[in-house]
Amino acid sequence: MGDVEVVDHGDREILVHLRGRIDEALRPRLDAAVEQIAMLDDIDGRDRVVVDVREVTTLEYAGLCFLSALVRQGQLRGHDVALAMVSEQARRALEAAHWPHGPILSGSM
């Protein structure tokens, strides 16, 4: 089973941890995370959302939809969205989906 966790660092950045299997079963929690990030952005005007995918074992369509929703939200609200610590499984899924968005960050945060 997968997990999504939104962490407000109190600075200009929101960190999102994705773990495990990111699939349709997780969609309600993914949708709630998008709403939570929008609320945090409304309150504090964040500059960036960083999505840590180092612990993702499977990234399915629901996960790609989640990431796309974050990118669209960032474009509308004026903040960047970056992927960090990309696991091999996540990288393969992003490449297979021809992920057009950047940046993808590597290394530690």
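The values are calculated or read from the model by the stated rules, or taken from the named source; none is laboratory data. Predicted, not measured: the structure shown is a model, and the values here were computed from it. Virtual Cβ from ideal backbone geometry, glycine too; neighbours counted across all protein chains shown.
When each of Val34, Val53, Val16, Val6 is tested for being under 17 Å from Gln75 (Cα atoms), in contact with a helix residue (DSSP H, G or I) (Cβ under 7 Å, 6 or more places away or on another chain) and aliphatic (A, V, I, L, M), the lone residue that passes is Val34. Looking at the structure I just gave you, is Leu15 touching a residue at least 60 places away in the same chain (Cβ under 8 Å) and surrounded by 15 or more Cβ atoms within 10 Å (Cβ to Cβ)? Spelling it out, Leu15 is indeed touching a residue at least 60 places away in the same chain (Cβ under 8 Å) and surrounded by 15 or more Cβ atoms within 10 Å (Cβ to Cβ). Residues that are touching a residue at least 40 places away in the same chain (Cβ under 8 Å) and among the aromatic types (Phe, Trp, Tyr) within the stretch 61-89 comprise just one, Phe66. Among the residues of the stretch 37-50, the ones that are of a type in the set (Gly, Ala, Ser) and either out of contact with any helix residue (DSSP H, G or I) (no Cβ under 7 Å at 6 or more places or on another chain) or without any contact (Cβ under 8 Å) to a residue 24 or more places away in the chain (or both) come to 1 in all. Among the residues of the stretch 83-92, none qualifies, meaning not one is of a type in the set (S, T, N, Q), at pLDDT 90 or above and either surrounded by fewer than 19 Cβ atoms within 10 Å (Cβ to Cβ) or not in a helix (DSSP H, G or I) (or both).
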